[in-house]
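The values are calculated or read from the model by the stated rules, or taken from the named source; none is laboratory data. These numbers come from a predicted model, not from an experiment. Cβ placement follows ideal geometry from the backbone for every residue including glycine, while neighbour counts extend to all protein chains displayed. Side chains included, ligands, DNA and RNA excluded: accessible areas come from the protein's heavy atoms. Shrake-Rupley method; radii C 1.70, N 1.55, O 1.52, S 1.80 Å.
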Amino acid sequence: MKVSILTSVYNKGPWLARWFDAVCNQTFKDLEIVVVDNASTDNCPQIIAEYAAKDKRIKVVTLKVNKGPTGGLNAAMNHATGDYWTIADADDFIDANYVQVLYDAIVNGNADMSMCVNDVFFPDGRTEHKPWPPKGRHVIEGDKAKLLPCQLLDELNDKYFGFHMPEMGAEWNKMFKRSIVEEWSISYNENLWIWCDFDFYLQYVWHAKKVVYTTDTVYHFYQSENSATRATKFNISKLLYVIDALDSIEKQLKGREFKELTNAFLKFCFLRIRDVCNELYFRKQDISQSDYDKVSERLFHSNPIQKLFNANDLSFLTAKERIYLKWVKKGNLKGAVLFERVCGALSRRINKYFLKR
C-alpha cells in the first residue's frame, strides 16, 4: 500500500459525501482510506457505511466516545498501513490529482515531506487565495532544513527561504512518511484542543532533512465559523487552550534552541499573548472574576511568557510591539490595548492622507 488518506469525522454529515466522492475518485489509485467515526451523532455513520460498502479501500474505525480532534487522528494513524500518509479534513475538498501531486513531489524529490498550496472557501461561496511563492517546486534541504521549525513558527516571514509558507502548520495539504512517524513516536497531543496540527508538524519537521513545496493549488479548505480557532462565540476555555499550546511547543524546543528558532518562538508567543490580552480586556464584562483571574494567572506564570518577559534581545519585535509588551509586563492591559488602538488610528489617518495626495 503506497498512500493512506486519513480523516477523523465528527458530525460532518453535510460535507461527507462530497469528501468521499473526491477521495475515492483520485487519479492515484494505490490508496487506503482510513476514516475514523469519532462518535458522531448525526448521519455520518450511515454515510460512511454506504461508501465503505462500495469501495473496499475504505477502512472504518469507530470510536464509541469522542476523543476530540487529536484522539481521532491518532486512531487513524494507528490503523494506517501506507508508506506515505496525508490528512484531509472531512469538510474540505481536494482535486482529483491531490494525492498524485504530493506523491510525485515526495517520491521524485526523495523528500521527507511534500506540501501543496491550498485556497480557502467560505459558507457564502467566497474563495480566498493567499499570496504564495513563485510557481513551481521549491526544495528545502541541507543546512536550510534546520530552519523549518522557524518557518513553522513564523510562517508569514520570508527571511528563512525567500518566501513565506502559509498553512505550514496545518494538518492538511501535506504528505509525510510513516517511517519517520513510527521511528520517532510522533503523535497528536491529546491534551490540546487548539493548534494540535501545528504541534504535530513541529514534532515532525525536526526529523525532515528535505521538504518539497509545490505551488499546485489542489487542496481547498472550508472556513467553518465553528472551528476551535475561529469560532465567533466567545469561550473562556479558548484562552486557556492557547496557553496550553504555547506550553506544549515550549517543551518541544528544550535542548534544540538556537538564535533564529528562539526568536521565532518568542515572536509567536508575543502574537498569542497579544490575542489573549486583547480578549481579556474587551471581554472583561462577559467574564466572571474567577475566570479572569484563572486566565491571568496561567498566562503570566507560564514558562513561554516568562521567557518573553525576560528576553534581553527583542529586536524581532517592532518598536510598537515592544511598547505594547512593556504595558503587558506591568499588568496594565488597558494601557497596552489603548496604546495599540491609538497607533492603529494614527496609521490609518497617515495612510489616508498620503492616498489622497
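Quick notes
- Any hit, region 65-82, residues being surrounded by fewer than 16 Cβ atoms within 10 Å (Cβ to Cβ) and assigned to a strand (DSSP E or B): no
- Of the residues making up region 39-69, those that are among the β-branched types (Val, Ile, Thr) and more than 17 Å from Arg18 (Cβ to Cβ) number 5.
- Residue under evaluation Gly331, criteria (1) open to solvent by 20 Å² or more (accessible area, probe 1.4 Å); (2) without any contact (Cβ under 8 Å) to a residue 40 or more places away in the chain; (3) in a helix (DSSP H, G or I); (4) over 21 Å from Gln151 (Cβ atoms), criterion not met: (3)
- Condition check for Ser187 on (1) touching a residue at least 60 places away in the same chain (Cβ under 8 Å); (2) surrounded by 19 or more Cβ atoms within 10 Å (Cβ to Cβ): one failure, at (2).
- Scanning region 31-83 for residues that are touching a Ser or Thr at 6+ places or on another chain (Cβ under 8 Å), at pLDDT 95 or above and of a type outside the set (Gly, Ala, Ser) yields a total of 14.
- Screening Phe28 on (1) under 27 Å from Leu192 (Cα atoms); (2) part of a loop (DSSP other than H, G, I, E, B); (3) of a type in the set (A, V, I, L, M, F, W, C) shows it passes everything except condition (1).
- Among residues of region 1-17 that are touching a residue at least 24 places away in the same chain (Cβ under 8 Å) and open to solvent by 40 Å² or more (accessible area, probe 1.4 Å), those with a beta-carbon under 6 Å from a residue that is in a loop (DSSP other than H, G, I, E, B) and hydroxyl-bearing (Ser, Thr, Tyr) at least six positions away or on a different chain give the pairs Met1/Thr81; Tyr10/Ser40; Asn11/Ser40.
- For region 88-118, filtered to residues that are acidic (Asp, Glu) and open to solvent by 10 Å² or more (accessible area, probe 1.4 Å), the residue that is farthest from Tyr201 (Cα to Cα) is Asp95.
- Residue within region 309-319 that is over 26 Å from Leu148 (Cα atoms) and in contact with a helix residue (DSSP H, G or I) (Cβ under 7 Å, 6 or more places away or on another chain) present: no
Quick grid of which residues meet (1) touching a residue at least 24 places away in the same chain (Cβ under 8 Å); (2) part of a loop (DSSP other than H, G, I, E, B); (3) at positive phi:
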| site | (1), (2), (3) |
| --- | --- |
| Trp85 | yes, no, no |
| Asp89 | yes, yes, no |
| Ala96 | yes, yes, no |
| Val99 | yes, no, no |
| Asn110 | yes, yes, yes |
| Val120 | yes, no, no |
| Pro134 | yes, yes, no |
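- Against the list (1) surrounded by fewer than 21 Cβ atoms within 10 Å (Cβ to Cβ); (2) without any contact (Cβ under 8 Å) to a residue 40 or more places away in the chain, the condition Phe20 fails is (1).
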